[in-house]
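The values are calculated or read from the model by the stated rules, or taken from the named source; none is laboratory data. Just so it is clear, the structure is predicted and the values come from calculations on it, not from any experiment. Methodologically, a virtual Cβ is constructed for each residue, glycine included, from the backbone with ideal geometry; neighbour enumeration extends over all protein chains shown. The accessibility values were calculated without ligands, DNA or RNA, using every heavy atom of the protein model including side chains. Shrake-Rupley method; radii C 1.70, N 1.55, O 1.52, S 1.80 Å.
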Amino acid sequence: MVESAPNPSPSSSSSPSRAVLKAALFLCGCCLLAAGWLAVYAFSPGPSTVEGSAVVTIARGTPLKEMSKVLAGAGLVEEDVRFAVLARLLGYSGRIRAGEFKLATGMNPLQVLRQLVAARPVQHSVTIPEGLRVHEIGRIFAHGGWCDEEQFRQLAHDKAFVTGLGFGDLDSLEGYLFPDTYHLTRDIHGAEELIIMMTRRFREVWTEVAPAPAATARQHEVVILASIVEKETGRGEERAVIAGVFHNRLKSGMRLQSDPTVIYGIAGFSGNITKKHLQTPSRYNTYTLTGLPAGPISNPGRSALEAALHPAATDYLYFVGRNDGTHQFSRTLEEHNQAVRKYQRKKPEKNGKG
């Protein structure tokens, strides 16, 4: 006789499915609790309800946990492990950039995260006036914490570095650090980056003011002359005329006799130029040498470069300061000496521009 297999009892067949159901319900409950836990954090008001702003700096490679501390320190969020969870869950963790950012306060963590992803780095305006020397430019950047002053000076006079930037065999970058207002972000730092930025700007301006190949061929001479013009006057309307005076002197074989060139060649200049200074030969003393000095004596701006490239057509050979920022121009030495007596109240030079 064939015996039939016993039918499984209802209780034994439903046990596994009930266990799975219970586990699924438990997991769903946990997920709901976790979602609620995260949602409460995401939409909770920040530490400050006052509308304003705070600046935070996120260093490159900062972990999300440390980022939460930085934001909490600025009063933007409460320090909480949920910040990292929220950032990862929403895919923001890989989109947060390093830098210095200005974020609105009074926001919930989710809004702070969205701000941080969309924010652009804070820009700091640094103005480099026309006519400064390399070490003076380095001092301005160093004062703002952008670089080391001495490193800036050394690098600008490092011949290998200068050559590597495409400036031939120049001894330094004096004259090629273009004066301008630069908008810097905190990811820009160090002398090398700043110098590259300034020389790149010089090249941009040069292509605008001197598109002709002939001008490019004599670039260094133009920059030297522009640097002298820059130091001789701060008046834009006078620059082309002063450049014209120097062009006339160069053509006629006269010495430039420019005080700023003499000063540039004096180490530790005290502020008072003397007759001995004028008579002491140097590579920059245009009272003792004929032609242009050994190199630029400052970093000229666009107006001075344009004046050196396009000097005024004039027959002036001399000029002297009127003590009000302007100059008196003269065609003859006699006229010049009269102007010196009138404006400078000192014994005129026998030969010179004053």
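Among the residues of the stretch 215-236, are any among the charged types (D, E, K, R), open to solvent by 70 Å² or more (accessible area, probe 1.4 Å), assigned to a helix (DSSP H, G or I) and under 30 Å from Glu149 (Cα atoms)? Yes - at least one qualifying residue is present in the stretch 215-236. Put simply, of His143, His157, His183 the only residue that is modelled with pLDDT of 95 or more and in contact with a His (Cβ under 9 Å, 6 or more places away or on another chain) is His183. A single entry from Arg114, Arg120, Arg97 fulfils the requirement of being closer than 21 Å to Thr185 by Cα, assigned to a helix (DSSP H, G or I) and not hydrophobic (A, V, I, L, M, F, W, C): Arg114.
A count restricted to the stretch 208-229 and to residues that are closer than 13 Å to Glu306 by Cβ and not hydrophobic (A, V, I, L, M, F, W, C) stands at 2. Just to be sure, is Ile137 touching a helix residue (DSSP H, G or I) at 6+ places or on another chain (Cβ under 6 Å), closer than 23 Å to Ser227 by Cβ and among the β-branched types (Val, Ile, Thr)? Here the answer is no, as Ile137 does not meet what is asked.
Show the residue pairs that are 6+ apart or on different chains and have beta-carbon atoms under 7 Å apart, the first residue being within the stretch 238-250 and in contact (Cβ under 8 Å) with a residue 24 or more places away in the chain, the second being surrounded by fewer than 21 Cβ atoms within 10 Å (Cβ to Cβ) and in a helix (DSSP H, G or I). Between residues of the stretch 238-250 that are in contact (Cβ under 8 Å) with a residue 24 or more places away in the chain and residues that are surrounded by fewer than 21 Cβ atoms within 10 Å (Cβ to Cβ) and in a helix (DSSP H, G or I), the close pairs are Arg239/Ser303. Scanning the stretch 81-96 for residues that are within 16 Å of Lys69 (Cα to Cα) and surrounded by fewer than 16 Cβ atoms within 10 Å (Cβ to Cβ) turns up just one, Val81.
Among the residues making up the stretch 291-324, those that are among the charged types (D, E, K, R) and in a loop (DSSP other than H, G, I, E, B) are Asp315, Arg322, Asp324. Of the residues contained in the stretch 334-346, none is found to be touching a helix residue (DSSP H, G or I) at 6+ places or on another chain (Cβ under 9 Å) and modelled with pLDDT of 95 or more.
Scanning the stretch 277-291 for residues being open to solvent by 50 Å² or more (accessible area, probe 1.4 Å) and in contact with a Ser or Thr (Cβ under 8 Å, 6 or more places away or on another chain) gives a total of 3. Being within 26 Å of Met198 (Cβ to Cβ) and at pLDDT 90 or above holds for only one residue in Val122, Val70, Val112, and it is Val122. With respect to the numbered conditions (1) farther than 13 Å from Ala42 by Cα; (2) in contact (Cβ under 8 Å) with a residue 12 or more places away in the chain; (3) small (Gly, Ala, Ser), which one is the sole condition not fulfilled by Gly91? Here Gly91 meets the rest and fails (2). Total residues in the stretch 123-178 satisfying the condition of being open to solvent by 50 Å² or more (accessible area, probe 1.4 Å) and assigned to a loop (DSSP other than H, G, I, E, B): the figure is 11.
Does Arg60 fit the bill of being part of a helix (DSSP H, G or I), among the charged types (D, E, K, R) and at pLDDT 65 or above? No; evaluated as a whole, the condition is false for this residue. I'd like to know if the stretch 255-268 contains one or more residues that are among the aromatic types (Phe, Trp, Tyr) and crowded, with 18+ Cβ neighbours inside 10 Å. Yes; the residues of the stretch 255-268 include at least one that is among the aromatic types (Phe, Trp, Tyr) and crowded, with 18+ Cβ neighbours inside 10 Å.
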